Amino acid sequence: MDKVSVLFAASEVAPFAKVGGLADVAGSLPKALSKLGVDVRVVMPKYKDISKIYLDKMEYVMHFFVDIGWRHQYVGLFKYISDNVTYYFIDNSYYFCRKGLYGYFDECEQFTFFTRAFIEMLPLIKFKPDVIHLNDWQTAIAPLFLDAFYKSNDYYKNIKTIYTIHNLKYQGIFPKTVLEDVLGLGWEYFKPSGIEFYDNVNLMKAGIIYSDYVNTVSPTYAEEVLSAPLGEELNNVLAEKGERFFGILNGIDNDLFNPATDRSIYQKYDKENLSEKVKNKLGLINELGLSQDIKAPLIGIVSRLVDQKGFDLIVECLEDILKDGINLVVLGTGDGKYEEMFRNYSSKYPNRLIFLNTFNADMAQKIYAGVDMFLMPSHFEPCGLSQLISLRYGTLPIVRETGGLKDTVIPYNEYDDTGYGFTFTNYNAQDMLFAIRRAVRFYNNPSTWEKLMQRAITLDFSWNTSAREYLEYYFKASGEKNNAENENEYKRH
Ligand code: ADP
C-alpha cells in the first residue's frame, strides 16, 4: 500500500476557529500529512464565529439528518479546499450558531451531533478513509459509535481509529442520563471496561478503550500520564493499551509562524538580521505604553489564564519580578481570579505590567517577536506550542520542566555551552524566580544573549519529523485493516 487516507476530526481548527493548541495542530498537521502524500480531509463544526472571509469561500455540499437519541437533526455539509487539504464543516444553527466554542450546558449533545454527522457523511461523500483520526473528548466517542451503530454496515468495516489526547484534564464527563437520552447507547456499554467512570459517562475513557491507537502530544507527557496525579484517574486505562499508547511531539507551522514573513509584527527579521528584532520590542513599548527603557528585560505571556499554566507561581512572586526592574506583557483570558490579579497589578505598575485581557492572534505574534523572554511555568503541559513559537521568533523561553516543555526546551548550560532556555524542576515560586533571575543575568551579557537567540531561531520544530511518525501509525493501522479484509475475503472463498 502506498497511499493512505485519513479523516481528521477536531472541534477547533486554525485559522477557522481557535481556543488553544488543538486548533494549531489541527490546522497544521493535516497540511504536513498532505505533503507526505496522505489523502487527508479535515472535519469541524461550522461555528458562527468563523471569519466571514472563510464563510464566503465555503461551498455547500449537501444536507442529511442524523439521530441523536430520540432527536432527528438536520446536518448541512459545507467544504473548502486549501493547501491540498479538504475541510468539511458540519452545519446546524441550533448547535453551532452560538458565541464562542465551548462551555454550553448541552456540550455532550453538541459534540455527539458533530460526531454522528461526520461518521454518517462518509458514504454520502463517497470517502472511505483507512483511518479516522480523533482529537480530544469532543470526538472521542466515534470509535464506540462505530462499534455500536455501524458494525454491520459494510462501508465502515475495518476503518481504523487513532485517538490523540491533547489534554487529559478535559475528559468530557457527563451524568449517566446522557447514555440513552443523548448518546443513544444501551446500558451494556455502561461498565468499568467501557464508558462508565465513577457512575458517570466519560467520553475520553471511551475513546481510549475503543480506539485502535491512542497517543498524546509529547513523549514525556505520555510517560507522566501513566501514573497519578497527571493520569487524572485514567492512568490504568491508558496503561492497558500497552504499545498502542505512545507520545508524538507536536510541531508548528513554520510558514505561518515565520518572523521573516509575518505581517502581524512591527519589523520582519530572520537569523541573518536578528538585530532587527529589537524594533519589535520598541513597537510593543510604543503601542502598549510600556516604560521607554528599551534595555529593561521584557517578559511575555500568551496563555489561557488557568491553573494548569502555573499562574499561582506568578502571583506569588510578581512583586519580586517587577521590583527587579523586569517588565511584563500578558495576553490572555480565563479564570476570573487571575484576570483580577493581573488587572490589579497593572494599575499598580501602569507602565511596567501591561495586561491585555482578550484573545488576539495578531497581538500574540507581536508579543512572541517583541519580548526578550517568554514565561511558561506550567504545572503540567501536554506539549505546549507557545514555547515553540517563541523559539521560532528568537525569544528565549523560561519554563518548568514538565511534559512537552521538558522535551523541547534544553536549559542553557554555560559550562559546556549547550542549550537555549531557562528551566526549573520543582513546582515552586522561588525556583521559578531563580530561573528568571538567571535568564536576566545572561540577558545583561549581550554577546551570550545574542548567541542564545541565534541558537533558538535556528531550531526546527516544524512537523517534518512528527508528521512522519503519525504516518507510520496510519500505515500500521491500515495494514491491520488490509490484513483483516484479506482474511474476510479468504473466509468467503
Ligand atoms: P493550550 O493548548 O494549553 O492553550 P498551547 O501552548 O499548546 O496551550 O497553545 C496555545 C495556543 O493558543 C498558542 O498558539 C497561543 O499563541 C494561543 N493563545 C493562547 N492565548 C491566546 C490569546 N489570548 N490570544 C491569542 N492567542 C492565544
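Could you tell me which of rounded, prolate or oblate describes region 78-126, using a ≥ b ≥ c as the square roots of the eigenvalues of the alpha-carbon gyration tensor, with rounded for a/c under 1.5 and, failing that, prolate when a/b is larger than b/c and oblate otherwise? Before the final figure, lay out each step's value.
Working: a/c = 2.71, a/b = 1.56, b/c = 1.73.
The shape class here is oblate.
How do 155, 470, 102, 189 rank when sorted from fewest to most other Cβ atoms within 10 Å of their own Cβ?
On the way: 155 10, 470 25, 102 13, 189 19.
Taking fewest neighbouring Cβ atoms as first place, the list is 155, 102, 189, 470.
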Checklist line | Label-point separation, residue 319 to residue 293 (7 Å along Cα→Cβ), nm | finding: 1.9 nm
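Rounded to the nearest 0.05, what FRET efficiency do residue 444 and residue 343 give with R0 = 51 Å and r taken as the Cβ-Cβ distance? Could you check?
On the way: r = 30 Å, r/R0 = 0.60.
Once rounded, the FRET efficiency stands at 0.95.
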Next item on the list: Step through the residues of region 321-329 one at a time and calculate ³J(HN,Hα) from phi using the Karplus curve (6.51 cos²θ - 1.76 cosθ + 1.60, θ = phi - 60°), rounding each to whole Hz and writing x for Gly and Pro.
Entry: 4, 5, 5, 6, x, 8, 9, 9, 10
Margin query: If neighbour count is taken as other Cβ atoms inside 10 Å, put 463, 70 in order from fewest to most.
Written below: 70, 463
Margin query: Order these by the 10 Å Cβ neighbour count, fewest first: 166, 72, 379, 63.
Written below: 72, 63, 379, 166
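Using a simple charge model, +1 on the beta-carbon of Lys and Arg, -1 on the beta-carbon of Asp and Glu, nothing else, what dipole does region 133-269 show about its Cα centre, in debye to the nearest 20? Write out the running numbers ahead of the final one.
Details: 11 positive and 18 negative charges, 51 e Å.
The dipole magnitude comes to about 240 debye.
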Next item on the list: Relative to the longest principal axis of the C-alpha atoms of the chain, give the angle of the C-alpha long axis of helix 278-288, reported between 0 and 90° and rounded to the nearest 10°.
Entry: 80 degrees
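Subtracting the Cα-Cα distance from 0.36 nm times the residue separation, let me have the gained length for residue 5 to residue 157 in nm, one decimal.
The span from residue 5 to residue 157 would gain 53.2 nm if fully extended.
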Check: After finding the eigenvalues of the alpha carbon gyration tensor for the chain, what semi-axes result from the square roots of 5 times each, listed largest first in whole Å?
Finding: 41, 23, 23
Notebook entry, point to check: With the contact rule set at Cα under 8 Å and sequence spacing of 6 or more, what percent relative contact order holds for the chain?
Noted result: 13 percent
Next item on the list: Compare the Cα positions of 457, 236, 251 along the charge dipole of the chain (+1 at Cβ of Lys, Arg; -1 at Cβ of Asp, Glu; about the Cα centre) and return the one farthest towards the positive end.
Entry: 457
Item checked: Amide H within-cut-off set for residue 216, under 5 Å, with H built and near neighbours excluded -> 165, 246, 247, 248
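Give, to the nearest whole percent, the P(r) tail of region 233-391 beyond 22 angstrom, counting all Cα pairs.
Working: 5851 of 12561 pairs.
Result: 47 percent of Cα pairs exceed 22 Å.
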Check: Can you list the residues, at least 5 places off or on another chain, whose amide H is less than 5 Å from the amide H of residue 420, using H built in the peptide plane?
Finding: 410, 412
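Go through 18/57; 268/309; 46/366; 191/241 and tell me which ones have a Cα-Cα distance over 24 Å in this structure.
268/309; 46/366
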Next item on the list: List, in order, the whole-Hz ³J(HN,Hα) value for each residue of region 172-185 obtained from phi through the Karplus relation with A = 6.51, B = -1.76, C = 1.60 and θ = phi - 60°; use x for Gly and Pro.
Entry: x, 9, 9, x, 5, 4, 6, 4, 8, 5, 10, 6, x, 9
Note to self: Treating only the Cα positions of region 272-314 as identical point scatterers, give the base-10 log of I(q)/I(0) from the Debye formula at each q in 0.21, 0.26, 0.32 Å⁻¹.
What the structure shows: -0.80, -0.91, -1.11
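Among the DSSP beta bridges whose two residues both lie in the chain, what percent are antiparallel, rounded to the nearest 5?
Values: 22 of 70 bridges.
If we restrict to bridges inside the chain, about 30 percent are antiparallel.
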Item checked: Only Lys, Arg (+1) and Asp, Glu (-1) charged, at Cβ; the chain dipole about Cα centre in debye -> 1040 debye
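Take the chain, mark every one of the GluC sites (Glu not before Pro) that falls in a DSSP loop and has at most 15 other Cβ within 10 Å, then report the longest stretch left between them, sites excluded. Could you put the intermediate results ahead of the total?
Numbers: sites that count: 233, 240, 414.
Within the chain, the longest run free of exposed GluC sites (Glu not before Pro) spans 1-232.
Between residue 304 and residue 82, what FRET efficiency comes out of the Förster formula 1/(1 + (r/R0)^6) with R0 = 30 Å and r the beta carbon distance, rounded to 0.05?
Details: r = 27 Å, r/R0 = 0.89.
For R0 = 30 Å, the calculated efficiency reads 0.65.
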Next item on the list: Using only the alpha carbons of region 5-107, determine the length spanned along each of the three principal axes and report them from longest to shortest in whole angstroms.
Entry: 42, 27, 27
Next item on the list: Mind checking which of 475, 341, 87 is farthest towards the positive end of the chain's charge dipole, using Cβ charges of +1 (Lys, Arg) and -1 (Asp, Glu) about the Cα centre?
Entry: 87
Checklist line | Unit charges on C-beta of K, R, D, E only; dipole of region 182-261, Debye | finding: 120 debye
Note to self: I need the phi-derived Karplus couplings for region 436-450: 6.51 cos²θ - 1.76 cosθ + 1.60, θ = phi - 60°, integer Hz, Gly and Pro marked x.
What the structure shows: 5, 5, 5, 4, 5, 4, 6, 4, 6, 10, x, 5, 5, 4, 4
Notebook entry, point to check: With point charges of +1 on the Cβ of Lys and Arg and -1 on the Cβ of Asp and Glu, referenced to the Cα centre of the chain, which listed residue (25, 403, 185) lies farthest in the positive direction of the dipole?
Noted result: 25
Check: residue 374's amide H: which non-local residues (gap 5+, or another chain) put their own amide H closer than 5 Å, with H modeled 1.01 Å from N in plane and none for Pro or chain starts?
Finding: 300, 396, 398
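Laboratory data are not the source of any read-out in this text; all were calculated from the coordinates shown. Bear in mind the structure is a predicted one, so any value in this text is a computation, not a measurement. Reconstructed Cβ throughout: ideal geometry from the backbone, glycine too, with neighbour counts over all protein chains shown.
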